[in-house]
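Here the structure comes first, spelled out in structure tokens, and everything after it is commentary.
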Amino acid sequence: CIEQRRVIVKELYPRQDVQRDPASKMVVPLKGQEDYFRKLKHRFKEEAQILYSFRHEPSVMNVYRLMEDNNTVYYSMEYLSGFDLKTYMEQQGKLGWPQLSGYIRKILYTLHILHGQNLIHRDISPDNVMVQTTDAQMKAKLLDFGAARDIGRRRSGKSESIVKDGYSAPEQYMEDGEIGTWTDVYAMAAVIYSCLTGKRIPAAPERMMKPAPLDMEGIRNKKVRGILEQALCIRAEERIRTMKQFRAALAGAVPGRNRLAKGLLAAAAAF
């Protein structure tokens, strides 16, 4: 029996490093890029395997099948209708905290689970959070696990360089920067800050060169302000260290009379 479902197929095709043979359709690495492409294929398979291991988590996109053909790698995943947070903000403007907390509640929990498996995401940003609104419910899914890797491993080489200005933590820009749970805390805090203010914080290297208080205008909740300031500390040792701590702090900052806040608090207590 063949299951009929609509899927998306993701292909590994790094345009700057490969070309496709017109006759055979084979993906061929450019001269000098052979070893790099082999490493990329290994990382692509790891991404599919990580996503597949999270297939029971409602806030992660389901992966169905990993395939190898044409000298490259593919995987099929669920088709989602909706929009990412970046698109939403471009079209609708910034979000209020009660609405945003409904979207991020399960994302924070998923990151806690990911960290519990000794993995970090490293690529959290508004364009990697898919938002769906169905039956008056707000749902969000975390996308793109291609940069996920073991906690504590230091960056080494081209394939390890993953940064997004305004969201990546300072240690991601450093040759010997130690990456950990605090790295994802910074990125998630940067996403929340961007959604609440409609602005992106300066890139980490700029913040290191020109230290200045973050512009918190537009964030009315003083507790949320303080939590974001701590989660966005330049020095990793001064930052909120784990997603569990970050999630619990945010839960306590939401007024208890809000229905979404109650759900957040209950989920935090279940950690």
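The table below gives the values:
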quantity: VAL63 over 26 Å from ILE104 (Cβ atoms) and not basic (Lys, Arg); calculated: no
quantity: The range 166-198, subset in a loop (DSSP other than H, G, I, E, B) and either touching a helix residue (DSSP H, G or I) at 6+ places or on another chain (Cβ under 8 Å) or touching a residue at least 40 places away in the same chain (Cβ under 8 Å) (or both), residue surrounded by the most Cβ atoms within 10 Å (Cβ to Cβ); calculated: ALA169
quantity: Failed item in (1) within 30 Å of GLN33 (Cβ to Cβ); (2) open to solvent by 10 Å² or more (accessible area, probe 1.4 Å); (3) at pLDDT below 85; (4) not polar (S, T, N, Q), with LEU119 passing the rest; calculated: (3)
quantity: Some residue of the range 58-66 being part of a loop (DSSP other than H, G, I, E, B), open to solvent by less than 30 Å² (accessible area, probe 1.4 Å) and of a type outside the set (D, E, K, R); calculated: yes
quantity: Selection within the range 70-94 - of a type in the set (A, V, I, L, M), outside any strand (DSSP E or B) and surrounded by fewer than 21 Cβ atoms within 10 Å (Cβ to Cβ); calculated: LEU80, MET89
quantity: Residue match in the range 13-34 (condition: surrounded by 13 or more Cβ atoms within 10 Å (Cβ to Cβ), of a type outside the set (S, T, N, Q), in contact (Cβ under 8 Å) with a residue 12 or more places away in the chain and touching a Cys at 6+ places or on another chain (Cβ under 9 Å)); calculated: no
quantity: So ARG225, is it over 17 Å from the mean Cα position of the chain (by Cα), assigned to a helix (DSSP H, G or I), over 18 Å from MET243 (Cβ atoms) and not β-branched (Val, Ile, Thr); calculated: yes
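The values are calculated or read from the model by the stated rules, or taken from the named source; none is laboratory data. Bear in mind the structure is a predicted one, so any value in this text is a computation, not a measurement. We place every Cβ from the backbone using ideal geometry, glycine too, and count neighbours over all the protein chains shown. Just so you know, the surface numbers come from the protein's heavy atoms only, side chains and all, with ligands and any DNA or RNA stripped out. Shrake-Rupley method; radii C 1.70, N 1.55, O 1.52, S 1.80 Å.
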